[in-house]
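Values in this text are rule-based calculations from the coordinates and carry no lab data. The structure displayed is predicted, hence computed values, not measured ones. Counting neighbours? That spans all protein chains shown, and the Cβs are built from the backbone with ideal geometry, glycine included.
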Amino acid sequence: MVFYELFCISRTRLVEANLKDLVKQTSLIVMNKGGVVRNLKPLGEKQLPYRIRKHQEYHVQGYQWLMQFDANPTVVNELNKRLKVDPRVLRHAVIRLGSKLEDIVASAEKTGTRV
Amino acid sequence: MLASVYRNTAAKSLKSLVPKVGGTSAVSSHNLVARRFKSDDAGEQEESRQHADSLLNIIANSINSQTSGSVANEQFRMARGNFHRGDIYKPSDLNDSKPTTYAPPPKPVDQLKILKLNPIVEYKNATLLSHYITPLGRLMSREQTGLSAKNQRRVTKAVRRARAMCIISPTAKLH
């Protein structure tokens, strides 16, 4: 099991139900493949540093959220495929945090971010 | 002692050459001319007086330096190290105020190493990464950041990742 982090920027002004659905679906992808979702964290609606073009539209704001999970590397491929196609998602990146929990936790304490 | 004698005689001989103000017939005989060009004449006299003074100084100094046991030489010897006859010195040797050697620059300290932070994990932390980019959003060199080679590589990777993920602007430092 490897610790991963999905950093996702989704469209702003999504209906709450729609946003919840998006998050739920991505979590289910991980869980159905035998992964464990550790943390779901909203980072808020933010002005993007530059304009994005995605799904034939220009975007200047985005809603950022984070999902931390342990899973097999094969799960990551599946996630990427689904998120690329989803019209609600502007940017996504799955980043490998590490293999040891201690390293990740220690770093978070210093910078004040909650894991 | 001898030097002063020389100096006085030199001064006297030179002073006899300088015309005194408001004296001699050359000025008073031509009244009209003198009145009209009075200012010029006075200026000329003043100039020549000053010229003479400077000449005196030059001569006095040269006389001083020629004599071996003079006061000036003694002072020079005291000032900086040992000066011997025939030595070549530069003006800075006589000046005790500024040091000749400069302090070595301070050794750069790797902040991330001390804080035990992994910059790759902090790719989301725009505030942290903005310390390592210029106001125009460009990555700073290792000389500027003071990071170790390993951490510099990781910071570069984190910044490029953050740029791609729309966390940092590639052209500005916003946070």
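Considering only alpha-carbon pairs that sit under 8 angstrom and 6 or more positions apart, the relative contact order computed for segment B:97-172 is 36 percent. Sorted ascending by nearby beta carbons within 10 Å, beginning with the fewest, A:H92, A:H55 become A:H55, A:H92. Model label sites at A:R38 and A:V2, defined 7 Å from Cα along the beta-carbon direction, differ in position by 1.4 nm.
Give, in nm to one decimal, the length gained when the segment between B:N82 and B:I114 is fully stretched (0.36 nm per residue of separation minus the Cα-Cα distance).
Stretched fully, the B:N82-B:I114 segment lengthens by 6.7 nm.
Computed extension length for A:N77-A:K24: 17.3 nm, one decimal, from 0.36 nm per residue of separation with the Cα-Cα distance subtracted.
Each Lys and Arg contributes +1 and each Asp and Glu -1, all at the Cβ; summed about the Cα centre of segment A:1-95, the dipole is approximately 260 debye. Express the Stokes-Einstein translational diffusion coefficient of segment B:128-175 in µm² s⁻¹, to the nearest whole number, given a Kirkwood radius over alpha-carbon pairs, 37 °C and a viscosity of 0.692 mPa s. Rounded, D is 311 µm²/s.
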